[in-house]
1. Sort shortest first the distances from residue B:79 to its counterpart in every other copy, using label points 7 Å along the Cα-to-beta-carbon line, and give them in nm.
2. Rg and Dmax of the stretch B:52-92, using alpha carbons, in Å: what are they?
3. Where the centroid of each part is defined by its Cα atoms, how far is the stretch B:193-241 from the stretch A:57-108 in Å?
4. Considering all alpha-carbon pairs of the stretch B:159-202, what whole percent are spaced by more than 15 angstrom?
5. At a temperature of 10 °C and a viscosity of 1.306 mPa s, determine how fast the protein assembly as shown diffuses translationally according to Stokes-Einstein, using the Kirkwood radius over alpha-carbon pairs as Rh; express D in µm²/s, rounded to the nearest whole number.
6. I'd like the antiparallel share, as a percent to the nearest 5, of DSSP beta bridges with both residues in the protein assembly as shown.
7. May I ask you to report, in nm to one decimal and beginning with the shortest, the distances from residue A:29 to the same position in the other copies, taking label points 7 Å along Cα-to-Cβ?
8. Stretched out fully, how many nm does the piece from residue B:238 to residue B:49 gain, at 0.36 nm a residue minus the Cα gap?
DNA sequence: CGTTTATTTGACGCGGTTCAATCAGTGTGG
DNA sequence: CCACACTGATTGAACCGCGTCAAATAAACG
């Protein structure tokens, strides 16, 4: 929802945006508070449960969104049911295919997800008059490209153990960027074993076995079925290949 | 080299640019002839033999280029020598990492290659004053992202036969976009078996065997070692998974 | 030609898949 | 509160696609 008039005039930034990460690290950082207010008029928050489809492959592009909370899986499928997850979007990542008329992949909520949705027309109008906005989007796209290519290496050339280690490493460094190669990190896996398998180009059985192997090696601890603790990020990284 | 003054004043477009595909389908299409002339002052043609390194992983970004002729391999490597090709650039694709200070991959000439090289500063200056130029770059980046994700599916989920078929299909449709699922196409493979293997996440022996299998199936003919003919693109596509 | 490099072909073994059974966690209704 | 069903995870055993190693051809090059 758009910010209320009174708030706007008090501090210039819509309520909705104040605690949003996209305001700083995301694409909205390119906007002044006036522009933010203008854009906020065309946005609304949406909440989705795990498993819900956010974007369908082949559907028309009619809106975009920023991920405010949670994790979104981007996947592509073959006719016969084989699936590959081609990207994971965390807050405050941008969601959607700018400049395209049709979506080329499926987006699903991996966890409980909150989105800030904006209509295609509103964003494109604002982008046309604010090159800085398109520039932010360009940076995000370049980051996604780098990530996709990194995963290509992982999926194409690493062993099952290295792939699972790489996934855990990526989530760990997202969870606590400060712990980059050193220090303990704990997080909840946003993916089921089946999802992880679809991300890594493996089967869920193999993922399960390799998680067990990593646990036996002492580089991770697993609590319940989803909580993972990495006592020493460095030693996990060493197993990434 | 920049176009000569006399030419510029005659028809407005630098000689160098007249036959260049980037002028139409590439990023330079965003520029007026005056702007093209301005940019051409800071560009020069470069020719490279197969195998030459065009961009080194980890080097500073000091220039960009458009591929005018030939094929360029983009690859990433692991410390122990394993390598994965993460992209193929054909004319008139753009080469280089905009907005980054350091290159994150290696670019090598796969075939004889001709580039139109432009300095980082010159392109960034022009990009700052011409949003349309950045927009073109955005489109190219989005296309590369789509391609990287498509390959992720290929490498992560397809069988060896399907992967080799997918590579041939991609090159065939690039060679003759008109033959899209129908009609005969002949082309020279721009990759050695080893390169193809690095692209597909296989070994060169497997690539060789699957090419043999496709030949025995009758969906391709192989002349010498690099010339490939696809009599019926549709039947090749059917094997892509 | 002789040498070198790219490709093909064969035999064998292993990593990861497949199929199947068991177990754990979670909600549901009697 | 327990039995039951259901979904997700683990574990085991057999199989097989692809990698590995090795040797034979074929093409490229001086």
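1. Distances to the matching label points in the other copies: 4.5 nm.
2. Taking only Cα atoms of the stretch B:52-92, I get Rg and Dmax of 11.6, 34 Å.
3. Distance between centres, Cα-based: 31 Å.
4. Details: 400 of 946 pairs.
In whole percent, the long-distance tail amounts to 42.
5. Working: Rh = 24.3 Å.
Diffusion coefficient, whole number: 65 µm²/s.
6. Numbers: 70 of 70 bridges.
In the protein assembly as shown, approximately 100 percent of DSSP beta bridges are antiparallel ones.
7. 3.2
8. Details: separation 189, 0.36 × 189 = 68.04 nm, distance 3.51 nm.
Residue separation times 0.36 nm, minus the Cα-Cα distance, leaves 64.5 nm.
Bear in mind that the values in this text are calculations on the coordinates, not laboratory data. Computed from a predicted model, the values in this text were never measured in an experiment. Neighbour counts run over all protein chains shown; Cβ positions are idealised from the backbone, glycine included.
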